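Each remark here refers to the structure printed beneath this line.
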Amino acid sequence: MKNIAPKLINLFKENYCTPQIAKIALKLKEPSTTIHYNIKKLEREGAIKTYKAVFDYKKIGEGYCAYVLINLVPEKYNNPEEVVKQIAKNPEVESADIVTGDYEIILKLRTKDIDTYYTFMKEAIKKYGFAKVISLTSLKQIKTEFVEM
């Protein structure tokens, strides 16, 4: 049989997961139509942004995870949202937040290994105007996306 796992993983990352309405209906003891109606309403209201698979990242070749604390160069700080939006377009970036405290930005990155991470960071430092970077490597993930690992 043809191995399309990499293609499926990419689709799951891009919002191609849907709720299992029949399973939810059984759990809540409500009709499937009621579940479907309420889910669609939450989607229309923007309360549900996306559906996403939760991966064992080691098994899909993205086992290196780092949290990166970033200070921007002064000329980039006047519009940190634009910088973060540009950074967030990279597939290695799992999350990107503007934060308070000693740093302006925190990123959660996932890469194949530390070498891929290093390459990404070298390019990002130049491209986005990072003044200071602190990296924290995740040694073991215990919970993600509300799922215990």
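Here, each number is a calculation from the coordinates, and none is a lab measurement. Here the structure is a predicted model, which means the values were calculated and not measured. In this analysis, Cβ positions are derived from the backbone assuming ideal geometry, glycine residues included, and neighbour counts consider all displayed protein chains.
Listing for the model above:
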quantity	calculated
Karplus-derived 3J(HN,Hα), 6.51/-1.76/1.60, for each residue of region 52-58, Hz, glycine and proline x	8, 6, 9, 9, 8, 4, 4
Theoretical FRET efficiency, 1/(1+(r/R0)^6), r = Cβ-Cβ of LYS58 and GLN86, R0 25 Å, to 0.05	0.30
Links that overshoot a 25 Å alpha carbon limit, given the list LYS23/LYS52; LYS7/LYS108; LYS27/LYS58; LYS89/LYS126; LYS23/LYS143	LYS27/LYS58
Residue among LEU109, VAL83, ALA22 farthest towards the positive dipole end of region 21-149, charges placed on Cβ	ALA22
Of the GluC sites (Glu not before Pro) in region 18-124, those whose Cβ has at most 10 other Cβ within 10 Å and which sit in DSSP loop	GLU45
Nitroxide proxy distance, nm - points 7 Å out along Cα→Cβ at LYS132 and LYS23	4.6
Cα radius of gyration and Dmax for region 16-114 (Å)	18.9, 56
Longest segment of the chain lacking trypsin sites (Lys or Arg not before Pro) that sit in a DSSP loop with at most 14 other Cβ atoms within 10 Å	53-88
Test item: Cα-centred dipole of region 58-149, Lys/Arg +1 and Asp/Glu -1 on Cβ, debye	260
